[in-house]
Each structure stands twice: as structure tokens, then as C-alpha cells.
Amino acid sequence: MTYELDHPEVREGVARLCLDFPGTYWQKCDREQAYPSEFVAALTQAGYLAALVPEEFGGLSLPISAGAAILEEIHRAGCNAGACHAQMYTMGTVLRHGSEDQKQRYLPQIAEGSLRLQAFGVTEPTSGTDTTALKCTARREGDTYFVNGQKIWTSRAEYSDLLLLLARTTPRDQVAKKTDGLSVFLVDMREVRGKSLIIRPIRTMMNHATTELFFDDMPVPAANLVGEEGKGFRHILSGMNAERILVSAECIGDAKWFIERASRYASDRAVFGRPIGQNQGIQFPIARAYSQMRAAELMLREAIRLYEAGGNPGQEANLAKLLAADASWAAAEACVQTHGGFGFAEEYDVERKFRESRLYQVAPISTNLILSYLAEHVLDMPRSY
Ligand SMILES: Cc1cc2nc3c(=O)[nH]c(=O)nc-3n(C[C@H](O)[C@H](O)[C@H](O)COP(=O)(O)OP(=O)(O)OC[C@H]3O[C@@H](n4cnc5c(N)ncnc54)[C@H](O)[C@@H]3O)c2cc1C
């Protein structure tokens, strides 16, 4: 699988770093549902998590293609960036919509790694995908907002200092459009954790450090409102293309890991006196997954090209996410099948990566919602919800 890729030095650096975190490291974390702190610390120290932060705030000022290359290589090496990838895209909301004071106060510390911005609270148990129906409220009294309600699937909250939170500041029946009246806050969880903010971990089929949050009159200084009050939905949406691009890169990395593992095993494993990879029943699903991965990778490059040119590539970013998630899932399936019984054995890492790659059909955006976006916004069909 050799062809030219962008940011070769960044890729080589990440691949070298990942050598210190082999399958046994991830197996142990997975078994104990433990946060991969050492891995995140190594990435932070190397500056990779601050890749997209502008130099004036202590980051590397790299373009999103470099962020994508970092995440792809992490996943291609068999590691998982789910423990820390949010910092790359949540930071963008602060950068684009935050006040000068917020940027000066938080970004340099985020860039140097002394402050973690890993948590992003949008989803709620009752509203789910229907974000504008969320029930979490923020009520202003003087210079303070008080937050009440609940979030679910707020990943990494236990391992983050800051939380980017979406809450309703004007009731839905008092706004002209249901997308109005929502606001974004940068919550410093260190001050409220265990008091007005309760964090409960949720165990999942893979090791993801996800949680549910309960707010009971949680105070947030008005100075921590990000952007304009009532325009939070738009502020969050503006970061969605970046999120889709970065997550697609992770899926591409996963697909490459599965394809490399499967083709190597198919060539090495001999049954009936010949390599199993000599059978087309084994070859074809791997070759098909490879073709899906390459197509997804091309779409991802197109989304990145448009994004870096200053465009708003909603269609391409969504297509890349859809195709990349499907490619990684096809590659995962082919890899398990190729490994036969060993595909289920912990020490081969295939079953772990299989569980991990299933997530991308659902989060951060489900395949159905992307199809519905394409049907409505690209193909001009009637809105379905
Ligand atoms: C491990 C994990 C980590 C996550 N991390 C975060 C996080 O850090 N922050 C955060 O805010 N959220 C996070 N999420 C939430 C994630 O974004 C949601 O799970 C996802 O958006 C789907 O929402 P839901 O689970 O409420 O499903 P629902 O909205 O209940 O939907 C259930 C199913 O119905 C489908 N569906 C719903 N409406 C329609 C429709 N109109 N047309 C067709 N199909 C439809 C959906 O596609 C889905 O398949 C995480 C989720 C998981 C599982």
C-alpha cells in the first residue's frame, strides 16, 4: 500500500511516537476501561494536539490537512485518538467565535498542555439527534449564568478541565427559529465538579471514557459565553466540517490498519497446504475494502482542499465521513473474517479495533443523518424531519 501522502514528516513523527504504544498497551487499557493517559501525554508533549492552534497562542499553526494526517497515522498504527481528538475541533469554536480575552486566557494553556479542552456537551438523553430540542438551560443573573439539565455521551469529561457546552438561553417557544436561543459556554469544570456538576461514567462496548453529566444550578461566568448569546447552534455548526474531516481521517487510518493486517495474515496463514490469501474468497473482500478506502480518501482530500481554500464544504465533508466510516467498517469485517478464530482473540487487536470502528456509523454523526443531509441539501428532496 504505497502511494504519496501529504505531510510526510508529520506522519513519520506520529508513527514513531505510536511505536511506544503497542497492542499490549491498548489491550490493557481496554480490559480495565482505563484512560490512555500516557499516550495522550506523549501526544501533548510532542505538540501534536496543539497542531491547529495558531502560533501566536503557542500552537503550530498547521492546516487541517496536518491534523487529519496526525489522526490518520494514530489509527493506522493501531492506536486510538478518541481519547483526545476533540481538542482539535472544539478549540476551533473558541478560535472562531471566542473573545480576545477568552483566547488569551485559554489557548496558550491549551497549546502547552496545562489545560485540557477535551469535552464537548451537545447530546442529551431525550433529544438525541434533534439538537434544537435540547432541554439543558442557562439562565442569566447579573454576571453569571446558571445551568440546569443533563447531557449524555459527553466523552472525556473526567479527563478534561474545560467543557464546551451547548444550552438553551431562550425557550424554544419564544424564538422565531428553533435554531435560535441556544448558546455556547466554555465551562471550567475544575470549579464545579462534584458540586453543581456531577459526572457519571458510562461503560461501553469499547474503551471510550464517555459520561453523562448532571447540572444543578451550575454557575458559569458570563465572560465564558462563547460568541453571541442565542447564536450557539450556528457557532457549533461552523465547526462541524472540521469535525467530519478529522473523524474521516481516523476512519481512513483504521481501514488501512485492517487492510494491512488482513493482507499480511492472508499471505502468511497456510491452510490446505497453501496461503489462505490465494483463495479469491479471502482476497476479494480485502481488495474491495481497499478500493472503498481509496475512494473515501480521495473525497477526504477534496473536502480538505476546499476547506483550506476557505470554503464551506458541507457536502464533501459529509460524503467523506460517510464513505470513510463505511470503508473502515468493510475493512474491519474483512479483517475479522480473514483471521478466522484469531479475529476474536484479544492478543491480535483485531476484535478491539472492530469494536472501536463500529462507533463511526453512529457518532459523531450517524450515517442516516448524513444521508438525510445529502437528500435534502444536495438533491433538493423534501425535508424528512
Ligand atoms: C461512544 C460515544 C461517544 C460520544 N461522544 C459524544 C460527545 O463527546 N459529545 C456529544 O455531544 N455527543 C457524543 N455522542 C453522541 C452521538 O453524537 C449520538 O449518539 C448520535 O448523534 C446519535 O444520537 P442518539 O444516540 O441520541 O440517537 P437517536 O437520535 O436516538 O437516534 C437513534 C437512531 O435513529 C436514527 N435517526 C434519528 N432520527 C432520524 C431521522 N430523522 N431519519 C433517519 N434516522 C434517524 C439515528 O441515525 C440513529 O441511528 C457520543 C456517542 C457515543 C456512542
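Which one of these is of a type outside the set (A, V, I, L, M, F, W, C) and away from the ligand (no atom under 15 Å from the Cβ): 144, 131? Working first, answer last.
Values: 131 fails: away from the ligand (no atom under 15 Å from the Cβ).
None of the other options fit; the residue is 144.
Among the residues of the range 35-42, at least one is outside any helix (DSSP H, G or I) and farther than 27 Å from residue 306 by Cβ.
Residue pairs whose Cβ atoms lie under 8 Å apart, separated by 6 or more positions or on different chains, with the first residue in the range 113-132 and over 16 Å from residue 189 (Cα atoms) and the second of a type outside the set (Val, Ile, Thr) and within 9 Å of the ligand (Cβ to nearest atom), are 123/151; 123/153; 124/151; 129/366; 129/369; 130/385; 131/166. Looking only at residues that are more than 10 Å from the ligand (Cβ to nearest atom) and charged (D, E, K, R) in the range 357-385, which one is surrounded by the most Cβ atoms within 10 Å (Cβ to Cβ)? Top of the filtered list is 376. A single member of 198, 202 is outside the structural domain of residue 362 (by TED's automatic domain parsing) and in contact with a Leu (Cβ under 9 Å, 6 or more places away or on another chain), and it is 198. May I ask you to verify whether residue 89 is of a type in the set (Phe, Trp, Tyr) and over 22 Å from residue 247 (Cβ atoms)? It is false that residue 89 is of a type in the set (Phe, Trp, Tyr) and over 22 Å from residue 247 (Cβ atoms). Taking first residues from the range 232-259 that are under 24 Å from residue 331 (Cβ atoms) and touching a residue at least 24 places away in the same chain (Cβ under 8 Å) and partners that are of a type in the set (Asp, Glu) and surrounded by fewer than 24 Cβ atoms within 10 Å (Cβ to Cβ), the Cβ contacts under 6 Å between residues at least 6 apart in sequence or on separate chains come to 252/297.
Residue by residue, here is whether (1) touching a Ser or Thr at 6+ places or on another chain (Cβ under 6 Å); (2) under 29 Å from residue 42 (Cα atoms) holds:
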| position | (1), (2) |
| --- | --- |
| 61 | no, yes |
| 80 | no, yes |
| 84 | no, yes |
| 108 | no, yes |
| 114 | no, yes |
| 121 | yes, yes |
| 134 | yes, no |
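Determine whether the range 74-84 contains at least one residue that is of a type in the set (A, V, I, L, M), surrounded by fewer than 24 Cβ atoms within 10 Å (Cβ to Cβ), within 16 Å of the ligand (Cβ to nearest atom) and touching a residue at least 24 places away in the same chain (Cβ under 8 Å). There is at least one residue in the range 74-84 that is of a type in the set (A, V, I, L, M), surrounded by fewer than 24 Cβ atoms within 10 Å (Cβ to Cβ), within 16 Å of the ligand (Cβ to nearest atom) and touching a residue at least 24 places away in the same chain (Cβ under 8 Å). A single entry from 137, 126 fulfils the requirement of being out of contact with any Asp or Glu (no Cβ under 8 Å at 6 or more places or on another chain) and away from the ligand (no atom under 14 Å from the Cβ): 137. Against the criterion of being in contact (Cβ under 8 Å) with a residue 40 or more places away in the chain, within 16 Å of the ligand (Cβ to nearest atom), in contact with a strand residue (DSSP E or B) (Cβ under 7 Å, 6 or more places away or on another chain) and under 27 Å from residue 28 (Cα atoms), residue 210 qualifies. Looking at 174, 102, just one residue is without any contact (Cβ under 8 Å) to a residue 24 or more places away in the chain and away from the ligand (no atom under 13 Å from the Cβ), and that residue is 174.
The values are calculated or read from the model by the stated rules, or taken from the named source; none is laboratory data. All values derive from a computational prediction rather than experimental measurement. Note that we place each Cβ from the backbone using ideal geometry, even for glycine, and neighbour counts take in every protein chain shown.
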